[in-house]
Amino acid sequence: MINLDGIQPFAEGGNRRCYVHPENSYRCLKVVIQNQSKKAKQDAPWYKKFRSESSFDDNIREQRAYAQRALKKDNPDKWKHLAKWYGMVETSIGLASETELIRDNKNNIAITLEKYLFTYGMTDEMQEALKEFESWLRSTLVLTKNIIPHNIVLGYEDDKIILKIVDGLGSKSYLPFTYISDFFASKYVERRIELMQSRINWDLTGRKGNWK
Ligand SMILES: Nc1ncnc2c1ncn2[C@@H]1O[C@H](COP(=O)(O)OP(=O)(O)O)[C@@H](O)[C@H]1O
Ligand SMILES: [Mg+2]
């Protein structure tokens, strides 16, 4: 068992705390914030309350999402824009999902796309990185929920930004056809790209109105 007692998380999202693996500085351990899945269930609309509590646990949802068809294919490119997944491990503060910890070209923990946009705005460099990321989504057909800038971080290859998904993998809702057919998966992915662009513009223009 991995001991995380007394270790401070390096980041926290709405559901999970993220720690640097104490024995491997290139691995990230994510632990669901306690009672978060119970609370999510309490706050959910009535029709979602019938689902089991585990469907509200982000680590379990993520584990399922990493088992999707596009990631079973024998394509080395599939990890290019995605933090690798190493399974679930026990820690002293609960079950953790272990993933690749993305770092920048100076070996610091990567910043999010959201932080980048708020700091630098849109740049030629980022436009280029986004274009490449979008064409990867189209060619691999990796299914994601809505792609939100705080769930994307900036990794590097030499001095080039490589955007990496760290959260939000999986399909937005129960859409069986996207899992079976490339045709439906393409349509679904195209819509996620469109919504990602609209979310980025919303971030860049002071978040007025509804981003969708
Ligand atoms: N693999 C990773 N590499 C680098 N930073 C990460 C990684 N995973 C998460 N983070 C950071 O931690 C934050 C929260 O993680 P996330 O998985 O989005 O948690 P939540 O499920 O609570 O939204 C992210 O916004 C990002 O800043
Ligand atoms: Mg998140």
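The values are calculated or read from the model by the stated rules, or taken from the named source; none is laboratory data. For clarity, every value in this text was computed on a predicted model and none was experimentally measured. Don't worry about glycine lacking a Cβ; one is built from the backbone with ideal geometry, like all the others, and counts go over all protein chains shown.
Taken together, the residues in region 54-87 that are part of a strand (DSSP E or B) and either crowded, with 16+ Cβ neighbours inside 10 Å or touching a residue at least 60 places away in the same chain (Cβ under 8 Å) (or both) amount to 3.
Of the residues screened, ASP104 is one that is away from ligand 2 (no atom under 16 Å from the Cβ), in contact (Cβ under 8 Å) with a residue 24 or more places away in the chain and either surrounded by fewer than 17 Cβ atoms within 10 Å (Cβ to Cβ) or of a type in the set (Val, Ile, Thr) (or both).
Of the residues making up region 25-32, not a single one is at pLDDT 90 or above and in a loop (DSSP other than H, G, I, E, B).
When region 111-145 is filtered for residues that are under 21 Å from CYS18 (Cα atoms) and not hydroxyl-bearing (Ser, Thr, Tyr), the ones remaining, listed by number, are ILE111, LEU113, GLU114, LYS115, LYS145. Can you list residue pairs whose Cβ atoms sit under 6 Å apart, with the first residue in region 1-15 being at pLDDT 95 or above and the second being of a type in the set (Phe, Trp, Tyr)? Count only pairs 6 or more apart in sequence or on different chains. Short answer, once both residue conditions are applied: LEU4/TYR19; ILE7/TYR19; PRO9/TYR19. Considering only residues that are touching a Gly at 6+ places or on another chain (Cβ under 9 Å) and farther than 19 Å from LEU71 by Cβ, look in region 147-169 and name the one that is surrounded by the fewest Cβ atoms within 10 Å (Cβ to Cβ). Of everything passing the filter in region 147-169, HIS150 is surrounded by the fewest Cβ atoms within 10 Å (Cβ to Cβ). Looking only at residues in region 145-197 that are modelled with pLDDT under 95, charged (D, E, K, R) and farther than 27 Å from ASP104 by Cα, the one that is nearest to ligand 1 (Cβ to nearest atom) is LYS172. In region 99-212, counting only helices (runs of 4 or more DSSP H) that sit wholly within it, the ones holding 3 or more residues that are out of contact with any helix residue (DSSP H, G or I) (no Cβ under 8 Å at 6 or more places or on another chain) and not aromatic (Phe, Trp, Tyr) span 124-140, 182-204.
Got at least one residue in region 43-56 being hydrophobic (A, V, I, L, M, F, W, C), more than 14 Å from ligand 2 (Cβ to nearest atom) and at pLDDT 95 or above? No: zero hits.
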